[in-house]
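The values are calculated or read from the model by the stated rules, or taken from the named source; none is laboratory data. Note that the coordinates shown come from a computational prediction; the quantities given were computed from them, not determined experimentally. As a convention, Cβ positions derive from the backbone with ideal geometry for all residues, glycine included, and neighbour counts pool all protein chains shown.
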Amino acid sequence: MGELLSLAWGALHLQRGAIRAWSLRRDALAEGMALLVGIWLLVGLAGALPAREEPAPAWERTEQAEDNAIYYLERSPLPPDMQHSLERSLVLWLGLEDDLHGLPRPFGDPAGGAISALQRAFAVPYERWGAWMVYSLTVFGLVRALGGRGSLPRMLGAGSLCALPHLLQPLGLLVGWSALLGPLAWGWGALIYLRAVRVTSGLDRPRALLAALLPAAVLLTLALMLLACVISKT
């Protein structure tokens, strides 16, 4: 345990030796996955703390979400028949969610609200883990295409260290600094991820940066194109 803490501390300082040593551990992949899920579960639990303001009624939140989604669907570049199908599916899904919110709560509203908050908290690590895994597999494919020599378990194990700065997020939620510590955690984690890709891939800096950042650049470009289409139709 002491060795793991020492390597994690070194990774937070972007030390190549610490990141390489972590990736070379026999159980680096399993330890990395446990690190990701554990930290993001902590983030989810901190976010599930009771809100200071009373949330809007379920039916009001459902109507607002439906109106917002249909507004953007109608202005998207999708074909009309696909827009109609998505709108129908969305209405059915939100209607089901509204019905579920309307079910009686045998333990009372406070207990029911706490259970709902815990459900959302436990969903956070799996949502983020899924997105991280898809992104990392894409990066690994690019690493291999660019001539990298690293193995997938090594890269995933080292890349999992990007979750370490997110330990700041629960602190930010508790003390009200989430607007500051949240972006700091994401930026710090991105730097660790970039260093991990370079350390484990054997690529030079330009090619390692290309492999790590190209998927993000593609996603950002698609999002901007979609936003431009929506704005042009308003």
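Go through the residues of segment 40-56 one by one and say whether even a single one is at pLDDT 90 or above and under 15 Å from C162 (Cβ atoms).
Our first condition is that a residue be at pLDDT 90 or above; within segment 40-56, this holds for none.
Looking through segment 40-56, none of the residues is at pLDDT 90 or above and under 15 Å from C162 (Cβ atoms).
Among the residues of segment 137-154, is any within 24 Å of A21 (Cβ to Cβ), of a type in the set (A, V, I, L, M, F, W, C), without any contact (Cβ under 8 Å) to a residue 24 or more places away in the chain and surrounded by fewer than 21 Cβ atoms within 10 Å (Cβ to Cβ)? Taking every residue of segment 137-154 in turn, at least one turns out to be within 24 Å of A21 (Cβ to Cβ), of a type in the set (A, V, I, L, M, F, W, C), without any contact (Cβ under 8 Å) to a residue 24 or more places away in the chain and surrounded by fewer than 21 Cβ atoms within 10 Å (Cβ to Cβ). Among residues belonging to segment 186-197 that are closer than 18 Å to L156 by Cβ and free of Cβ contacts under 8 Å to residues at least 40 places away in the same chain, point out the one that is surrounded by the fewest Cβ atoms within 10 Å (Cβ to Cβ). Going through the qualifying residues, I end up with A190.
Looking only at residues of segment 13-29 that are surrounded by 15 or more Cβ atoms within 10 Å (Cβ to Cβ) and assigned to a helix (DSSP H, G or I), we find that the one that is modelled with the lowest pLDDT is A28. When the criteria are applied in full, G182 fails the requirement of being assigned to a helix (DSSP H, G or I), touching a Ser or Thr at 6+ places or on another chain (Cβ under 9 Å) and more than 24 Å from L29 (Cα to Cα).
Got a number for residues in segment 198-232 being closer than 19 Å to M133 by Cα and within 18 Å of the chain's Cα centre (by Cα)? The total comes to 9. Among residues of segment 172-185 being surrounded by 13 or more Cβ atoms within 10 Å (Cβ to Cβ) and modelled with pLDDT under 80, the one that is farthest from L45 (Cα to Cα) is W177.
Within segment 1-12, take every residue that is of a type in the set (G, A, S) and without any contact (Cβ under 8 Å) to a residue 12 or more places away in the chain and give me the one that is surrounded by the fewest Cβ atoms within 10 Å (Cβ to Cβ). Step through it out loud before you land on a result.
Of segment 1-12, the ones of a type in the set (G, A, S) are 2, 6, 8, 10-11.
Still in the running and without any contact (Cβ under 8 Å) to a residue 12 or more places away in the chain: 2, 10.
On the way: G2: 6, G10: 18.
Result: G2.
Of the residues making up segment 126-147, none is among the hydroxyl-bearing types (S, T, Y), at pLDDT below 80 and part of a helix (DSSP H, G or I). Taking the criterion of being surrounded by fewer than 17 Cβ atoms within 10 Å (Cβ to Cβ) and either over 21 Å from H166 (Cα atoms) or among the small types (G, A, S) (or both), the residues of segment 126-136 that qualify are G130, A131.
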